Amino acid sequence: MVLAQLGGSIARALQQMSNATIIDEKVLSECLNEISRALLQSDVQFKLVRDMQANIKRIVNLDDLAAGHNKRRIIQQGKTSVVMFVGLQGSGKTTTCTKYAYYHQKKGWKPALVCADTFRAGAFDQLKQNATKTKIPYYGSYMESDPVKIAVEGVETFKKENRDLIIVDTSGRHKQEAALFEEMRQVSEATKPDLIIFVMDSSIGQAAFDQAQAFKQSVAVGAVIITKMDGHAKGGGALSAVAATKSPVIFIGTGEHMEEFEVFDVKPFVSRLLGMGDWSGFMDKIHEVVPTDQQPELLQKLSEGSFTLRLMYEQFQNILKMGPIGQVFSMLPGFSAELMPKGHEKESQAKIKRYMTMMDSMTNAELDSTNPKLMNESRIMRIARGSGRSVRDVTEMLEEYKRLAKIWSKMKGLKIPKKGEMSALSRNMNAQQMSKVLPPQMLKQIGGMGGLQSLMKQMGSKDMGGMGGMFGRGDK
Ligand SMILES: Nc1nc2c(ncn2[C@@H]2O[C@H](COP(=O)(O)OP(=O)(O)OP(=O)(O)O)[C@@H](O)[C@H]2O)c(=O)[nH]1
């Protein structure tokens, strides 16, 4: 094979890979096989080709690629890229457009914003305000009512100005609004975006699948951004949206401010979704903070799923010892936003101490019981009197206990790894286990067990069926 042909074959193989929405082991292997074939046909030594394959596989971190961001160079620095944002009304599109622009500006891009949202009065002002704050050029009009015209003019203007990332914000719309969907399609056709991002509010829940699918059917959605991950919603709808759009989640929004924007990372996201907190961080903390002789016992109890009041007490003790309480809290299964809202660390610490004072008035039998019915009215009254708190306070503490116990009961049967054995947990957390903790409706929407398995794979897990790598951070 002459050199030009060889180059062509390799370029084609790479092109095929970059066309794939998700790069997983299969896509990577196919690409490497293609390249290897071309090399062999060019008489490159077999051993060299085999070593090259192995080396590339070792170097490429599919988990990193799963974020969809670095791998798929849909937007390329140096060339002008147009990115169009679409989504439901109020999903946070306008805010996210600026966050996205700001993020890339910090990375050395020259972004610009175009407001093609002529539907919502005030949208242009909002974009203008955000753009001014972040010193990003913007384009829009108070007079023009045709979003296609504005979008085209804006893109042309910024292309002339050599901006390399032109972001087009569009109006929010629902799938029932056929005319607005047609308009979105026209904006897309006229501006020919290199990437269309579907912005979704994490609290959307069950409606996510249908809505996301409607968007995907009208325009070529290539990526998803989930907003408002700082709220109570766990982002479960995101799973459905990912399934419907067959596109990776690339970023999450974690607040109203420009900096509250993070590259999507599958591990903490899915852990949070399952109400499990950040497991690997949590395990690291256990090994760091819980005295060595107590560790096996705690891990054993965790795997039994029997969460007693005493265990809660001990964990509170550990939490108070852990230092900057805010950071640690979010890692613990269930000990997150509900017990300790962001920015209220002091109050939360006081609450924990209050809970512990009440628990000091409990008997051993009460602390070690796993029977929720044991805590009857007379016991509650006795504890209230003993600790100098109100019956309401005691009831609140017990409610908190029940909430945590419910979450921790999901750990039952999980093989909790010892230090250095994190991958054991990853292997254990398979699709079947995950299916048990997902709301049934959602499971149905993403196509049952089969759908879940392929979704897990799509979301960056290494081995089919297992959450390979998902919790693997502490493994190395
Ligand atoms: N807490 C939180 N609020 C957010 C986040 N992203 C956006 N918001 C807020 O959500 C609200 C709606 O955001 P917008 O950006 O106006 O939404 P939009 O999708 O452009 O709205 P339409 O143009 O009506 O479709 C605003 O109050 C934002 O500040 C986030 O990640 N976290």
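So in the stretch 165-174, with the set limited to residues that are out of contact with any Leu (no Cβ under 7 Å at 6 or more places or on another chain) and within 14 Å of the ligand (Cβ to nearest atom), which one is farthest from ALA123 (Cα to Cα)? Here the answer is VAL168. Within the stretch 211-235, residues that are closer than 19 Å to GLY253 by Cα have Cβ atoms under 8 Å from residues that are modelled with pLDDT of 90 or more and assigned to a loop (DSSP other than H, G, I, E, B) in these pairs: THR227/SER91; THR227/GLY92; LYS228/GLY92, counting only partners at least 6 apart in sequence or on another chain.
When ALA220, ALA243, ALA238 are screened for being at pLDDT 80 or above, assigned by TED's automatic domain parsing to the domain that holds GLY92 and not basic (Lys, Arg), only ALA220 passes. Residues in the stretch 124-166 that are at pLDDT 90 or above and acidic (Asp, Glu): ASP125, ASP146, GLU153, GLU156, GLU161, ASP164. If you check every pair at least six apart or on different chains, which have Cβ atoms under 8 Å apart with a residue in the stretch 87-108 that is hydrophobic (A, V, I, L, M, F, W, C) first and a residue that is surrounded by fewer than 20 Cβ atoms within 10 Å (Cβ to Cβ) and not in a helix (DSSP H, G or I) second? Note: pairs meeting the criteria are LEU88/HIS174; ALA101/THR134.
Inspect all residues belonging to the stretch 121-134 and state whether any of them is in the same structural domain as ASP194 (by TED's automatic domain parsing) and away from the ligand (no atom under 16 Å from the Cβ). No, the stretch 121-134 contains no residue that is in the same structural domain as ASP194 (by TED's automatic domain parsing) and away from the ligand (no atom under 16 Å from the Cβ). Given the criteria over 30 Å from GLY255 (Cα atoms), at pLDDT below 90 and part of a helix (DSSP H, G or I), does ARG427 qualify? It is true that ARG427 is over 30 Å from GLY255 (Cα atoms), at pLDDT below 90 and part of a helix (DSSP H, G or I). Residue-level check: of (1) away from the ligand (no atom under 16 Å from the Cβ); (2) in contact with a strand residue (DSSP E or B) (Cβ under 7 Å, 6 or more places away or on another chain), GLU156 misses just (2). Look at (1) within 16 Å of the ligand (Cβ to nearest atom); (2) free of Cβ contacts under 8 Å to residues at least 12 places away in the same chain; (3) in a helix (DSSP H, G or I) and you find that GLU189 fails only one, number (1). One residue stands out in the stretch 143-191 among those that are within 17 Å of LYS79 (Cα to Cα) and surrounded by fewer than 20 Cβ atoms within 10 Å (Cβ to Cβ): the one that is nearest to the chain's Cα centre (by Cα), namely ASP164.
For THR370, the stated conditions do not hold, so it cannot be described as outside any loop (DSSP other than H, G, I, E, B), over 23 Å from MET229 (Cβ atoms) and modelled with pLDDT of 75 or more. A Cβ distance below 6 Å, combined with a sequence gap of six or more or placement on separate chains, defines the contacts here; from the stretch 154-181, residues that are among the aromatic types (Phe, Trp, Tyr) reach residues that are away from the ligand (no atom under 15 Å from the Cβ) and in a helix (DSSP H, G or I) in the pairs PHE181/SER218. Do we have TYR138 as within 15 Å of the ligand (Cβ to nearest atom) and out of contact with any Pro (no Cβ under 9 Å at 6 or more places or on another chain) here? Yes, satisfied.
The values are calculated or read from the model by the stated rules, or taken from the named source; none is laboratory data. All of these numbers come straight from a predicted model, not from anything done at the bench. We place every Cβ from the backbone using ideal geometry, glycine too, and count neighbours over all the protein chains shown.
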